[in-house]
Amino acid sequence: MNKNILLPNLGEGVDSANVSEVLVSIGDAVAEDTPILVLESEKATMEIPAEISGKIVDIFVEKGEQISTGQKLMVVEINDGKKDEKKAGVEKPIEKESPKTEEKEAAKTKKESKPQPAVEPPQKSTTAPFASPSVRRFARELGADLSFVTGTGQKGRILKEDVQNFIKSQLTGRAATPTPAIPDIDFSQWGEIETVSLNKIRRITGERMTSAWQTVPQVTNFDKVDITELEDMRRSMQSINSKDNSKITLLPFIMKACTKALQEFPDTNSSLAPNGQGLILKKYYHIRIAVDTPEGLMVPVIRDVDKKNIFELSNELAEISQKAREKKLVPDELSGGTFTISSLGGIGGTYFTPIVNPPEVAILGVSRSKVEPVFNGADFDAKLLLPLTLSYDHRVIDGALAARFMKFLNMQLSDIKNMSDANVF
Ligand code: CAO
C-alpha cells in the first residue's frame, strides 16, 4: 500500500521553508523518524523525518525549492510486515538497527575498560541522526548505530570519518567525543516557559568552553592582594590623564604585572606541543582580555603588553572593548593571545574560577577589591584587597609553579616600587 508524506506544521508561525537537502532517493528504505529532508526557514534549520516506514517510491521536492505546510513531499510504499518485506525484496529499514546490540557493545566496552576510568560509554543522541544515505549505508555495513555517533559536518551532519572514528573508539575502548547529550525535558509541565535561540557568539563560546572543560585538566589557585598603594597611584595617574577624559582602571596595571610574571615563569606563557611531548615557549606577551558585550563574551588581544605603558594600554583597552561591543573586531584582533585576563571587578563578587582557553595554559580572574582589616598581631590596618584567581592547565603548570606565579604577581601589585621597574610610565 502506498502512502503520501506531507510537510507537517513547522510551528512558531512558520508556514514555509526552503529545501536545503533531500536525504533520500527513490528506492531507499526508511523507518519511522528517519530524516528525509533538511529545511531552512528564517528561524531555524530542521530535519523532517518520515512518519512511516517503507520504501520511497516517489519524490516531489528538490533542493532549493520553497515548500509549504501540507505540501506532498514523497510517496512511501508501506511494509506490511516481515513476510511482505521478504517478498518485495524491501531493504531492512535504515534506522531500526539493533540498538540493543550497540547498547550491549557499549556495556561490554565499559566492562572491559574498568581498570581505565577515562573510558566512557558512548552517549546516545536524543535527536534523529543527520546523515546522508551513503553514510547510513556505510554505518549499517559496519554495524554502527548512528544515534551514538557525533557529527562533525555542517550543522552536525554525520560524515563517513565520524563513523570510522566511532568504530575506532569502540575498538580501542576510548570514546573520541564523550560530550553527553543534553536531556530533552519538557519543562512546561512545571510552569510557563519561553524558548529563545542562542546567538552565534554564545554558541561558539559554549562549544569552546565545553571542549576546554573536557580536554584541559584545570586547577584554580586563589590569592588576595593588598593594592592600597597601587590604588593611590592609579588615582593620581587618572588625575594626570583627566584632561583627555580617558579612564585609567586597575586592569592595565594587572596586565603589566602579569607580563612580568609571565617573563619570570616562561612555562606560563606557553602552549603544549601537538604531540604532547614538549612546550612551545612564546617570547611575546599578547594578553587577551575578556569583554562582556550585549551579544556575549568576546576576547580580543592586546599585543606586546611588555612594550607599552599604562596610558597606552588604557587607551587600547578602551578602544578594543568598544570595538568588541560594537561587533567591529577583525579576526586578527582575536588571535595570537598568550595569556588571558578576565575581570569582573567592575561588576562585583568575591572570587570566580575562569576556564583556561587552550592553546593557552593559564587565565587570571580578577574580582572586586574591597577594604578589609589586615591584622598585624593584635592591631589591624584597613587595606584595599583585590581577590585574584589563576586557573591553569595542570599538564603544563604544577600547583607549586602556580603558587609562585601568584606570589610574584602579588609582590608586583602590592609594592609599587616594582611597578616603576615595569615600564609603566
Ligand atoms: N575592583 C574594584 N573596582 C573595579 C575593579 C576591581 N577589581 N575593576 C574595575 N573596577 C571599577 C573601575 O575602576 C571602574 O570604576 P569607575 O566607573 O568609578 O571609573 C568601574 O569598575 C568599571 O570598570 P570597567 O569594567 O569599565 O573597566 P575595566 O578596565 O575594569 O574592565 C573590561 C574593562 C572590558 C574588562 C570590562 O568592562 C568587562 O567587560 N568585564 C567583564 C569580563 C567578563 O565578562 N568576564 C567573564 C568571563 S567568564 O564568563
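Determine whether segment 406-416 contains at least one residue that is farther than 26 Å from GLN218 by Cβ, modelled with pLDDT under 95, assigned to a helix (DSSP H, G or I) and more than 15 Å from the ligand (Cβ to nearest atom). Checked against the condition, which is being farther than 26 Å from GLN218 by Cβ, modelled with pLDDT under 95, assigned to a helix (DSSP H, G or I) and more than 15 Å from the ligand (Cβ to nearest atom), segment 406-416 yields at least one hit. Does segment 199-220 contain any residue that is under 25 Å from the mean Cα position of the chain (by Cα), polar (S, T, N, Q) and over 30 Å from ASP398 (Cα atoms)? Yes. A Cβ distance below 6 Å, combined with a sequence gap of six or more or placement on separate chains, defines the contacts here; from segment 245-262, residues that are not assigned by TED's automatic domain parsing to the domain that holds MET411 and in a loop (DSSP other than H, G, I, E, B) reach no residue that is at pLDDT 95 or above and more than 8 Å from the ligand (Cβ to nearest atom). Being within 13 Å of the ligand (Cβ to nearest atom), over 21 Å from SER367 (Cβ atoms) and among the small types (Gly, Ala, Ser) is a description that applies to SER246. Taken over segment 319-346, residues that are in contact (Cβ under 8 Å) with a residue 24 or more places away in the chain, within 14 Å of the ligand (Cβ to nearest atom) and within 13 Å of ASP292 (Cα to Cα) amount to 10. Among what's in segment 358-380 and is more than 10 Å from the ligand (Cβ to nearest atom) and part of a loop (DSSP other than H, G, I, E, B), pick the residue that is nearest to HIS394 (Cα to Cα). Of everything passing the filter in segment 358-380, VAL361 is nearest to HIS394 (Cα to Cα). On inspection, PHE352 does not qualify as among the aromatic types (Phe, Trp, Tyr) and either in contact (Cβ under 8 Å) with a residue 60 or more places away in the chain or more than 10 Å from the ligand (Cβ to nearest atom) (or both). Among residues of segment 381-398 being part of a loop (DSSP other than H, G, I, E, B) and in contact with an Asp or Glu (Cβ under 8 Å, 6 or more places away or on another chain), the one that is nearest to LEU272 (Cα to Cα) is VAL396. Can you tell me which residues in segment 263-284 are of a type outside the set (S, T, N, Q) and either part of a loop (DSSP other than H, G, I, E, B) or within 16 Å of the ligand (Cβ to nearest atom) (or both)? Answer for segment 263-284, where residues must be of a type outside the set (S, T, N, Q) and either part of a loop (DSSP other than H, G, I, E, B) or within 16 Å of the ligand (Cβ to nearest atom) (or both): PHE265, ALA273, PRO274, GLY276, GLY278, LYS282, LYS283, TYR284.
Is it the case that ASN315 is more than 8 Å from the ligand (Cβ to nearest atom), surrounded by 12 or more Cβ atoms within 10 Å (Cβ to Cβ) and not hydrophobic (A, V, I, L, M, F, W, C)? Yes; evaluated as a whole, the condition is true for this residue.
The values are calculated or read from the model by the stated rules, or taken from the named source; none is laboratory data. Quick caveat: nothing in here was measured; it's all calculated off a predicted structure. Please note: Cβ atoms are built from the backbone with ideal geometry, for glycine as well, and neighbour counts cover all protein chains shown.
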